[in-house]
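What follows is a set of notes on a single structure, which appears directly below.
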Amino acid sequence: MEHTKPSYYITTPIYYVNAKPHLGTAYCTILADVQARFRRACGCDVKFLTGMDEHGEKVAEAAEKNGFDSPQAWCDSMEPAFADLWRTLEISNDDFIRTTQPRHIAGVQKFLQVLLDRGYIYKGAYDGWYCRPDETYFTDTQVRHHEEDRRAAGEEPADPEHPLCPDCDRPLERIKEESWFFKLSEFQQPLLDFYEAHPDFIQPETRRNEVLSFVKGGLKDLSISRSTFDWGVPFPFDEKHVAYVWVDALINYITALGYGSDDESEFHRRWPAQVHVVGKDIIRFHCVIWPALLMAAGLPLPERVFVHGFLTVRNEETGKIEKMSKSRGNAIAPEEVIDLLGVEAYRYYFMTDVAHGTDAPISWGRMRQVYNADLANSWGNLVSRTLNMSVKYFDGCAPVRPADFDAPSPVRDACAGVFERYAAAMEQMDYGAAAGEVFAIVSAANHYIEDSAPWALAKDPEKADELARVIWSLIEVIRIAAELYEPFMPCISAEVRRRLSLSTEPSTDLAAACVWGGLAGGEPVEKGDPLFPRLVD
Ligand code: MSP
């Protein structure tokens, strides 16, 4: 098959199976989904990947604790929790990878063999700190620095036998065992050179600086195998060892493209990825370890890693702002938000009102406010009023495009260049700014209704042409806004297009679809129920 469209490969992290997805994990997935939809609308051949991270000691333990016969059975039982939620939230992933799939295991084994053949791994002994909940290793220096920081902040000294994890502040364990090591230390300079040559590799800028200073501080070789349990991918050349769960997991980004299979054509066509979307807690894995592993394997590096912050909640007891997570017991189930807002407004709120580079507190009050202001009173209201008038004044149809449709008018002028402004913001994943551009044309249209008073024009037969031009222009704004809102609220956009007798399929040439004048008119329109019934307290 010929592939003429440019490939756009976008990924989410693969989620741990031990906890059902919550608002935080859903946030990361919707963030990637909006970008995937935008790129499809721009004509790209998109591959959007998400999946589950199923190996590691914690998973084996959870399987036992929950009375499952095998870790695999436990993982299988968790799959619907993810698959169903992604369907409900209109996640348009093209593939769903599980690290227990044969395609993944084969690829990880190939990758390990390549690292061995190229001389980047060796056998040694690991003696250091391990955070079991995070499945992350720490050196003595990292742990000492964290303890110094804690003391400087006036916190109680930790138990020296179990100092606290620099990432999550939970107690660490001392671990000693034979292990395979990856020569991460050899990649300090190559990584720094790469970051310098690719200033957009890590976004936003603050995260880039964080990674730079971490790498400048020096890199130690990384323990990449475990021999104390067997729930993982066995090393092909040393079966007693399974791959460290993070190395196993990172490789999913290429095994999903067929790396290590009999047919690597998709891998060659699509790799490197255009963007990995990740949370700030896993930045080192994606911006340091993964690039170094790829360099060691002689493979190209992804174009971009977009790092988002956390959804946070306030701990009522301590007053501290905490990351929302299942293990902290403060996670909100997506169903709760869906019950209040519905799926479309849920997506809209988290994508456009939450700044993606920083942490964001969850607020039910703010959700209602945004829903009512942006969706009920503006977008929904514009659609209702306009279609109502069109049905009433034009016999159930949209007016035919007038000959002078392109004459200057407040709405036509507001739409000039809207695609370009929107696309520039979308490319930066600045969804708040992108949606702000759409909101601006919707607001211009609502003002235009007030200023042109179609109900008055309708009373004067001499103003029939003017009335047609006003209503046609309003519907044209609605058509364009529905195109631009599609990545955020796919169902509503399809519904609006349906009411306008247009194809319900999203556009694959968004730039062209946003050109003023695209609506021929003359077709039936349907008023329908309010798209966003107002929320009352
Ligand atoms: N399994 C690893 C990722 C391996 S990728 C090769 C993992 N899984 S996770 O389930 O713990 O987290 C997955 C993603 O969800 C991370 O990007 C993380 O930042 C994100 N989030 C988890 N809680 C979150 C919030 N409270 N807010 C925003 N994102 C959050 O890490």
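Okay, here's what the table says:
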| quantity | calculated |
| --- | --- |
| Amide H contacts under 5 Å for GLU54, placed H, 5+ residues apart | THR99, THR100 |
| Spatial separation of Cα centroids for region 285-319 and region 73-109, in angstrom | 20 Å |
| Most to least packed among 500-508, 487-495 [average Cβ atoms within 10 Å] | 487-495, 500-508 |
| In Hz, Karplus ³J(HN,Hα) per residue of region 12-17 (6.51, -1.76, 1.60; θ = phi - 60°; x = Gly, Pro) | 9, x, 8, 8, 5, 7 |
| Pairwise label distance in nanometres, VAL536 with ASP395, each label 7 Å out on the Cα-Cβ vector | 3.9 nm |
| Cα-centre dipole for region 121-222 with unit charges at Cβ (Lys and Arg positive, Asp and Glu negative), debye to 20 | 220 debye |
| Computed log₁₀ I(q)/I(0) - Debye formula, equal Cα scatterers, no solvent, region 121-222, q 0.19 Å⁻¹ | -1.07 |
| Quotient of C-alpha Rg and 2.2 N^0.38 Å, computed over region 315-404 | 1.63 |
| Largest-first ellipsoid semi-axes for region 461-537, taking √(5λ) over the Cα gyration tensor eigenvalues, angstrom | 22, 18, 11 |
| Volume per residue that the Cα convex hull of region 26-135 spans, once the total is divided by residue count, Å³ | 169 Å³ |
| With 20 Å bins from 0: P(r) over the chain, alpha-carbon pairs, percent | 20, 48, 25, 7, 0 |
| Peptides 101-111, 331-341 ordered by average Cβ neighbours within 10 Å, highest first | 101-111, 331-341 |
| Approximate spin-label separation CYS168-ALA373, in nm, with each point projected 7 Å along Cα-to-Cβ | 3.6 nm |
| Probe 1.4 Å, protein heavy atoms only - accessible area per residue of the chain in square angstrom | 42 Å² |
| Placed amide H near PHE181: partners under 5 Å, 5+ positions off or other chain | TYR122, LYS123, GLY124, ILE224 |
| R0 of 35 Å, Cβ-Cβ distance GLU239-GLU264: FRET efficiency to nearest 0.05 | 0.90 |
| Antiparallel DSSP beta bridges within the chain, as percent of all bridges there, nearest 5 | 50 percent |
| Selection from LEU49, ILE10, ILE97, by position along the positive dipole direction of region 1-129 (Cβ) | ILE10 |
| Calculated FRET efficiency for the pair ASP45/THR141, C-beta based, R₀ 45 Å, to 0.05 | 0.50 |
| Span-rule helices in the chain, defined as complete DSSP H runs reaching 20 Å or more along the axis (Cα) with Kyte mean at least 0.0 | 23-41, 102-117, 431-452, 464-485 |
| Inter-part distance where region 26-48 and region 468-500 are each reduced to a Cα centre, Å | 20 Å |
| Angstrom value of the Kirkwood radius, inverse mean 1/r, which spans all Cα pairs in region 172-221 | 12.6 Å |
| Net length gained if the chain between GLU523 and GLU90 were fully extended (0.36 nm per residue, minus Cα distance) | 153.0 nm |
| Positive-end residue of LEU184, PHE214, PRO157, charge dipole of region 121-222 with Cβ unit charges | LEU184 |
| Cα shape, region 363-513, gyration tensor, a/c 1.5 rule | prolate |
| Rounded to the nearest 10 Å², the accessible area of TRP290 at probe 1.4 Å | 0 Å² |
| Loop trypsin sites (Lys or Arg not before Pro), region 195-232 (other Cβ atoms within 10 Å of the site Cβ: 16 or fewer; DSSP) | LYS220 |
| Nearest-20 debye value, region 1-70 charge dipole, Cβ charges on Lys, Arg, Asp, Glu | 480 debye |
| Largest-first ordering by accessible area, 1.4 Å probe, given options GLU486, GLU64 | GLU64, GLU486 |
| Two-site label geometry, ASN388 and ALA153: point separation in nm, points 7 Å out along Cα→Cβ | 5.3 nm |
| Relative contact order for region 7-165, counting Cα pairs under 8 Å that sit 6 or more residues apart, in percent | 20 percent |
| Unit charges on C-beta of K, R, D, E only; dipole of the chain, Debye | 400 debye |
| Sequence-separation-based contact order of the chain, relative, with Cα cut under 8 Å and 6+ spacing, percent | 16 percent |
| Rounded percent of accessible protein surface that carbon and sulfur make up, region 121-222, 1.4 Å probe | 50 percent |
| Accessible area in the full protein assembly, largest first, 1.4 Å probe, for LEU301, LEU116 | LEU116, LEU301 |
| Whole-angstrom gap from region 413-437 to region 338-371, using each part's C-alpha centre | 19 Å |
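The values are calculated or read from the model by the stated rules, or taken from the named source; none is laboratory data. Because the structure is predicted, anything quoted here is derived from the model rather than measured. Note that we place each Cβ from the backbone using ideal geometry, even for glycine, and neighbour counts take in every protein chain shown. Only protein heavy atoms, including side chains, enter the accessible area calculation; ligands, DNA and RNA are left aside. Shrake-Rupley method; radii C 1.70, N 1.55, O 1.52, S 1.80 Å.
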